[in-house]
Structure formats: structure tokens, C-alpha cells
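*Asks:* The following block contains the structure, expressed as C-alpha cells.
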Amino acid sequence: MILDGKSVSESIYGDIRKTIEERGPSLPSLVLFCDEPDSSNRSYMKSIVKQGERLGISVLTVEAGSSPVDEIKRINEDPSVAGVMVMHPLKNADEKAVMLALDPLKDLEGRTVYNLGGIVNDEEFFAPPTAEAVMEILDYYGIDPKGRDITIVGRSNTVGKPLALLLLKKGVDGTVTVCHSRSRDIGSKTLSADIVVSAVGIARFIKRDMISPGAVVIDVGINFVDGKLVGDVDYDEVSRVASAITPVPGGVGVVTTALLFKHYLKSLERLEQNIR
Ligand SMILES: NC(=O)c1ccc[n+]([C@@H]2O[C@H](COP(=O)([O-])OP(=O)(O)OC[C@H]3O[C@@H](n4cnc5c(N)ncnc54)[C@H](OP(=O)(O)O)[C@@H]3O)[C@@H](O)[C@H]2O)c1
């Protein structure tokens, strides 16, 4: 089965359009905060801007500049901005300091200490949308993580770590292994998993001999090979053994973008009610 992200995202956009219709025009902006975005971030930002145009939400790109923390503080106070996505990684700025300065209510990616802490306490306000996208895809296609062995490759604050926490939640009840660049014998850990999630950023990292027959494979990776967008998974080979697999493009990425806009509306609502 191909786990098509477009169908998942369409159901999310359906709700978003309804809310926007009810609210009427003149919505505040969504800011993409960046410095020197790499090719995968540039492509991601372009797709967010395009989607914003379709929905009638203005998406602004703001450069981190020479005083990124001051710039974030300015955005925090700016009522014409409802939410911010900090394009990770910031190459020239102290990303930790930027995330500490960002108002959690405008943190659309759920990467501030406050929002990440919410996941640990099983009461997240914003979970990072990429991690959430993986959960949405599993849910939409009726793949229940309960009691399953799940191996995640990648431990970033945007994907691997929050996803592990979401899968570990009581009620979700996955059994999670998280691998990273210092892990030994990753193949044996993916091979023993019912569900494999790859968020590494290396093309064709997950090969056929790393996946057991019938496993579910979720590819978070966004890589460019000869100008072509590919994931982390050797799709042609792995799709022969997996029972279900996300394509790239058209998998996790489109769901992540939809969730970002869902978070934007959530953020707007909370800001208006001044709920902290
Ligand atoms: N589809 C989407 O919506 C979406 C959203 C966000 C990101 N992405 C993509 O997902 C990928 C990961 O993003 P990210 O932000 O999590 O990246 P990141 O911060 O660079 O993290 C990459 C992770 O992969 C691990 N890793 C790197 N090389 C490895 C190796 N040889 N063996 C095992 N683990 C290795 C790193 O380990 P260490 O921690 O030890 O360094 C790290 O934990 C990228 O391709 C990115 O473009 C996609």
C-alpha cells in the first residue's frame, strides 16, 4: 500500500478552509524565519508560500540578520504575525537562543522548551508538525502503533525525539528505538521493527535488506539527487518488501505543511484569547 500523504493533507485542508471561511479575510501573517536556507529548506519554504496563497494566508520570509534574537523578540510583539516557523538549521545564528526567545504561542513547530515539555507531559499544545504528520499518516491509514516495535532513525528535536515521545504516549503505546549517527548496526534495529521511520537526510540510506517483509516504512527525508527530490528510503527496492510505504514527494512533507497551517490557526485563536 502506498501511504499517500495528499489524501491525508486534503482532509486537514478541508477543516482549515472551513475555519478560514468562518473567520473571513484579513488574517495575520505566518513568518518563515531563516538564514541561508539549503536546497531542501528552499523547496519547503516555496511550497509553504504557495499553499499560503491558495488559502489566503500571507507567508512572509524574514531574514535572521545580524541580531536574530532581537528580530524574534520584535516578531513576538508584532500583532500582524500569528506564527513563526524557524527554518532549521540556522547556519549563522545561535538557534538555541532564537528558540528560547520565541514566544511559545507563536512557535508553530512546537520546538520551544515549553512546547516540547508539553509532549513529555502528554499534553502538547504544538507538537512539531513533521512528527505529528507521521502520527496522522499512521492514523489515517489505520496503522495502530500499539504494542508494535518502531525504529526511528534520526534524533533531531524536529522529528526523531518528538516522534519518539508521541509514540510512547500512554494510549498510543508504541515500543520505540531511536538511532542516530553513533548507533551501531542500525540495520539490525530496522530489520526487527514493525514500523520504520527514517529522518536522516541521506538519500537511499534505508535499503531493502534493512526492512523485514511486511513492515511499514515512513520516509521523512528530503534530499536532492541530480536536482530530483528523493527521500531517505531506496523506494523502488524497499517497496517490494514493505507492506506500506510513503512516497517522496507526496508523503510526509505535504502532511507537515498542512499541519503547519493548522497550527497557525490554533496559534491565532490562542493569541486572540490570550491563553497561556
Ligand atoms: N518531510 C518533511 O516534512 C520534513 C520536515 C523536516 C525535515 N525533513 C527532512 O528530514 C531529514 C531529517 O531532518 P532533521 O531536521 O531531523 O535533520 P537533522 O537535524 O540533521 O538530524 C538528522 C538526524 O539523522 C542522524 N544521522 C545523520 N547521519 C546518520 C547516519 N549515517 N546514521 C544514522 N543516523 C544519522 C543524525 O544523528 P546525530 O544526532 O548523531 O547527528 C540526526 O539525529 C532531512 O532530510 C530533512 O530535510 C523533512
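*Asks:* Excluding ALA133 itself, what net charge comes from residues whose Cβ is under 12 Å from its Cβ, given Lys and Arg +1 and Asp and Glu -1?
*Replies:* -4
*Asks:* Set Lys and Arg Cβ to +1 and Asp and Glu Cβ to -1, take the dipole of the range 65-208 about its Cα centre, and tell me which of VAL84, LEU165, PHE205 lies farthest positive.
*Replies:* My answer, from the dipole projection, is PHE205.
*Asks:* Order the peptides 28-34, 66-72 from the highest to the lowest mean number of other Cβ atoms within 10 Å of their residues.
*Replies:* Packing order, densest peptide first, comes out as 28-34, 66-72.
*Asks:* Which value does Rg/Rh take for the range 129-252 over its C-alpha atoms, Rh per Kirkwood?
*Replies:* Ratio value, two decimals: 0.93.
*Asks:* Could you pull out every residue, at least 5 positions away or on a different chain, whose amide H is within less than 5 Å of the one on THR177? Hs are placed 1.01 Å off N in the peptide plane, and Pro or chain starts have none.
*Replies:* Those lying under 5 Å, H to H, from THR177 are ILE150, THR151, ILE152.
*Asks:* Could the peptides 7-16, 250-259, 190-199 be put in order, highest first, of the mean number of other beta-carbon atoms found within 10 Å of their residues?
*Replies:* Ranked by mean Cβ neighbours within 10 Å, highest first: 250-259, 190-199, 7-16.
*Asks:* Right, next: Please compute, over every Cα-Cα pair in the range 4-86, the percentage with a separation greater than 20 angstrom.
*Replies:* 43 percent
*Asks:* Net charge near SER239: determine it from the other residues with C-beta under 15 Å of the C-beta of SER239, scoring Lys and Arg +1 and Asp and Glu -1.
*Replies:* Result for the neighbourhood of SER239: -3.
*Asks:* Could you work out the pair-distance distribution P(r) of the range 187-255 from its alpha-carbon pairs, with 5 angstrom bin width and percents rounded to whole numbers?
*Replies:* In whole percents, the pair-distance histogram is 4, 21, 31, 26, 12, 5, 1.
*Asks:* If the chain between ASN121 and SER40 were fully stretched, how many nm would it gain, using 0.36 nm times the residue separation less the Cα-Cα distance?
*Replies:* Going from the current span to full extension adds 26.0 nm.
*Asks:* Once all Cα-Cα distances of the range 1-152 are split into 10 Å bins that start at 0, what whole-number percent is in each one?
*Replies:* The percentages, shortest bin first, are 10, 33, 37, 17, 3.
*Asks:* A follow-up question, please. Taking the Cα-to-Cβ direction at SER26 and at PHE224 and moving 7 Å from each Cα, how far apart do the two end points lie in nm?
*Replies:* With each label point 7 Å from Cα toward Cβ, the separation is 4.0 nm.
*Asks:* I would also like to ask the following. What accessible area, in Å² to the nearest ten, does a 1.4 Å probe give for ILE245?
*Replies:* Probe radius 1.4 Å; accessible area of ILE245 about 10 Å².
*Asks:* Between the range 16-55 and the range 247-268, how far is it from one alpha carbon centroid to the other, in angstrom?
*Replies:* Taking the Cα centre of each part, the range 16-55 and the range 247-268 sit 10 Å apart.
*Asks:* Roughly how tilted is helix 68-77, in degrees to the nearest 10 and between 0 and 90, from the longest Cα axis of the chain?
*Replies:* Approximately 60 degrees, to the nearest ten.
*Asks:* Okay, next question. Sort 48-54, 80-86 for me by packing, meaning the mean count of neighbouring Cβ atoms within 10 Å per residue, highest on top.
*Replies:* 80-86, 48-54
*Asks:* At 7 Å along the Cα-to-beta-carbon direction for both TYR141 and ASP94, put a label point, then send me their distance in nm to one decimal.
*Replies:* 4.3 nm
*Asks:* I would also like to ask the following. Compute, for the chain, the length of the dipole vector about the Cα centre, with Cβ point charges of +1 (Lys, Arg) and -1 (Asp, Glu) only. Units Debye, rounded to 20.
*Replies:* Charge dipole of the chain: 280 debye, to the nearest 20.
*Asks:* What's the local net charge at VAL113, with K and R +1, D and E -1, over the other residues with C-beta under 14 Å away?
*Replies:* With Lys, Arg at +1 and Asp, Glu at -1, the neighbours total -2.
*Asks:* If I model the chain as equal point scatterers sitting on the Cα atoms and use the Debye formula, what is log10 I(q)/I(0) at q = 0.08, 0.13, 0.15 Å⁻¹?
*Replies:* Log-scaled intensity ratios, in q order: -0.32, -0.86, -1.13.
The values are calculated or read from the model by the stated rules, or taken from the named source; none is laboratory data. Keep in mind it's a predicted model, so treat the numbers as computed, not measured. A quick note on method: Cβ atoms are made from the backbone with ideal geometry, for glycine too, and the neighbour counts reach across all protein chains shown. Protein only, heavy atoms only, side chains kept; ligands, DNA and RNA dropped before computing areas. Shrake-Rupley method; radii C 1.70, N 1.55, O 1.52, S 1.80 Å.
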